[in-house]
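The values are calculated or read from the model by the stated rules, or taken from the named source; none is laboratory data. Just so it is clear, the model here is predicted, and its values are computed rather than measured. Using ideal geometry, Cβ is built from the backbone for each residue, glycine included, and neighbour counts are taken over all protein chains shown.
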Amino acid sequence: MQKDISYLPLLFHSIQKKISESHETIMASSNLTRRHIPFIMVIKKYENGITQQELSEYMHMDKAHTSRTLKDLEEKGYVEKVGNNTYKNKYLLSQQGEDIFKTIKDANQQILNRVLGILTEEELQTFEKIIRKLIQEL
């Protein structure tokens, strides 16, 4: 008999919400919103830059949303566009973007240390395996 796990998305949402709440102070002092944070985090993963299309596909977002967010981040000085071709440009974090990335990453690490600190090493390893397996299936 299969257990009812329909509440799991709610649990994941609760964890995400707590992490987002920790970003509130960072966002307020940096003129950022919740929609900016994932873009900054993903762009950082691509040291040689990432195109708008690649970013849209990676984040499963429509091109218009990605375009607006990139333009906003560029105007705020967090990302730099490399190239002159509209759809082939690559985006990189500026120094200001690198700085805010570090601040966000540090805040995330503090939360994760607090939340995951209650798990034993074995539970943490199992949890990581489960999360990786879920992501792979998606």
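The set of residues from the stretch 50-69 being in contact (Cβ under 8 Å) with a residue 24 or more places away in the chain, surrounded by 15 or more Cβ atoms within 10 Å (Cβ to Cβ) and in contact with a Lys or Arg (Cβ under 8 Å, 6 or more places away or on another chain) comprises Ile50, Thr51, Gln52, Thr69. Which one of these does Leu92 not meet: (1) more than 14 Å from the chain's Cα centre (by Cα); (2) of a type outside the set (D, E, K, R); (3) surrounded by 11 or more Cβ atoms within 10 Å (Cβ to Cβ); (4) assigned to a helix (DSSP H, G or I)? Going through the list (1) more than 14 Å from the chain's Cα centre (by Cα); (2) of a type outside the set (D, E, K, R); (3) surrounded by 11 or more Cβ atoms within 10 Å (Cβ to Cβ); (4) assigned to a helix (DSSP H, G or I), Leu92 breaks only (4). If we scan the stretch 68-84, do we find a residue that is polar (S, T, N, Q) and either in a loop (DSSP other than H, G, I, E, B) or touching a strand residue (DSSP E or B) at 6+ places or on another chain (Cβ under 7 Å) (or both)? Yes, that holds for at least one residue. Screening the stretch 120-135 for residues that are surrounded by 11 or more Cβ atoms within 10 Å (Cβ to Cβ) and acidic (Asp, Glu) and picking the one that is modelled with the highest pLDDT gives Glu123.
Take the conditions in contact with a helix residue (DSSP H, G or I) (Cβ under 9 Å, 6 or more places away or on another chain), at pLDDT 90 or above and of a type in the set (Asp, Glu) and apply them to Glu98. Does it pass? Against the criterion (in contact with a helix residue (DSSP H, G or I) (Cβ under 9 Å, 6 or more places away or on another chain), at pLDDT 90 or above and of a type in the set (Asp, Glu)), Glu98 qualifies.
Is there a residue in the stretch 18-37 that is polar (S, T, N, Q), at positive phi and exposed (fewer than 14 other Cβ atoms within 10 Å of the Cβ)? Checking the stretch 18-37: at least one residue is polar (S, T, N, Q), at positive phi and exposed (fewer than 14 other Cβ atoms within 10 Å of the Cβ).
Tell me the helices (runs of 4 or more DSSP H) entirely within the stretch 4-65 that contain at least 2 residues that are in contact with a Gly (Cβ under 8 Å, 6 or more places away or on another chain) and within 26 Å of Asn113 (Cβ to Cβ). Quick ask: steps written out before the conclusion?
Working: elements: 8-30, 36-45, 52-59.
Helices (runs of 4 or more DSSP H) meeting the threshold: 36-45.
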